[in-house]
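Have a look at the structure below, then the notes.
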Amino acid sequence: MKINIPLESIPCEQLPVLEKIIDELVEKGFAIIDDLLLAEQSQSIKNRLLELKAEDEFKKSGIGKAVLHQVDETIRGDFIRWIETDDLHPSIECYYQFIENFIAFTNRSLYLNLKDLESHYTFYPPGKGYLKHRDRFREKPHRVLSMVYYLNENWQPGDGGELDIFDQRIKKLQTIAPRMNRLVVFKSEMVHEVLPSVQSRYSLTTWLLDKEKELSFL
Ligand code: OGA
Ligand code: MN
């Protein structure tokens, strides 16, 4: 994975999307992009996720840093499968290409110093969510931006699993449906919550870091 590729190598047709994300991040702290990839690309990422799930590759997620690693289903009910950046499955190469471009563009336009990322496939069984939390906190200060790419075909109101984003006073700013091929980017310090899903809920979650990732995953 390359960090800070030259801006000239970003395909022109991607620039408006990248600009929209930056504008919304500056204005509100979060951005929503629908139809990020081609429908077939999105579907093949979903198929890969389901394949890994069928192979029993997902593990219960935890909360807190490694030494205090806890599994508390009342706070967080998802299952995850980490992605190794050095060994990408072809189905997610296009998504990583987009992220590479996004990092280069963001570092230049917001004067950030994003250096690495960590990423996992995510699955919430019916009835599960993730209570209000931040992704960046004192013990884990290196997550700068959070990105969630949703993989739920035909999501309907009533299916649950929306992402709520809050301001500093914990006033709700927006409720976002986890629709197929929708990307949400938000500042990792913002409080957010995943509402319980009625249906199984699938996504790809990525954090952009201001330091190189340590080899030990949570
Ligand atoms: C997380 C998270 C949001 C979402 O994994 O930390 O908050 O919408 N995910 O899945
Ligand atoms: Mn989170």
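Note that region 109-174 shows a convex hull volume over its alpha carbon atoms of 169 Å³ per residue.
Sorting Thr175, Thr85 by solvent-accessible area of protein heavy atoms yields Thr175, Thr85, largest first, with a 1.4 Å probe. If a paramagnetic tag sat 7 Å from the Cα of Lys53 along the Cα-Cβ line, which residues of region 74-91 would have the backbone N under 14 Å from that point? Residues 78-81 qualify, since their backbone N sits under 14 Å from the label point. The charge dipole of region 8-211, taken about its Cα centre with unit charges on the Cβ of Lys, Arg, Asp and Glu (plus for the first two, minus for the last two), comes to roughly 920 debye.
Extending 7 Å from the Cα toward the beta-carbon at both Val26 and Asp210 defines two label points whose distance is 1.9 nm. Nonpolar atom fraction for region 8-211, defined as the carbon and sulfur part of the 1.4 Å probe accessible area, stands at 50 percent.
Measuring with a 1.4 angstrom probe and ignoring ligands and nucleic acids, Glu84 comes out at about 110 Å² accessible. As a length-normalised measure over Cα pairs under 8 Å and 6 or more apart, the relative contact order of the chain settles at 27 percent.
According to the Kirkwood relation over distinct C-alpha pairs, the hydrodynamic radius of region 8-211 is 17.3 Å.
Across region 74-89, rounded Karplus estimates of 3J(HN,Hα) from the backbone phi angles (6.51 cos²θ - 1.76 cosθ + 1.60, θ = phi - 60°) give 6, 8, 9, x, 8, 10, 10, 9, 5, 10, 8, 4, 7, 9, 7, 5 Hz, Gly and Pro being marked x. Computed over region 1-122, the alpha-carbon pair-distance distribution with 10 angstrom bins reads 11, 33, 35, 19, 2, each value a whole percent. Within the full protein context, the accessible area of Met180 is estimated at about 40 Å² for a probe radius of 1.4 Å. Per-residue extension of 0.36 nm, minus the Cα-Cα distance of Arg138 and Arg169, leaves a gain of 9.3 nm for this segment.
Would you compute, from DSSP H runs of 4+ residues alone, the mean residue ellipticity of the chain at 222 nm, taking -39500 (n - 2.57) per run and dividing by the full residue count, rounded to the nearest 500? Intermediate values should be presented prior to the final figure.
Values: 3 runs with 47 residues, N = 218.
Here the helix-only value at 222 nm equals -7000 deg cm²/dmol.
Across region 56-166, counting alpha-carbon atoms alone, Rg and Dmax equal 15.7, 41 Å. Annotation: per residue accessible area for region 8-211 equals 48 Å², rounded to a whole number [probe 1.4 Å, protein chains only].
The values are calculated or read from the model by the stated rules, or taken from the named source; none is laboratory data. Computed from a predicted structure; not experimentally measured. All Cβ positions, glycine included, derive from the backbone under ideal geometry; neighbour counts span all protein chains shown. Keep in mind that these areas ignore ligands, DNA and RNA; they rest on the heavy atoms of the full protein, side chains included. Shrake-Rupley method; radii C 1.70, N 1.55, O 1.52, S 1.80 Å.
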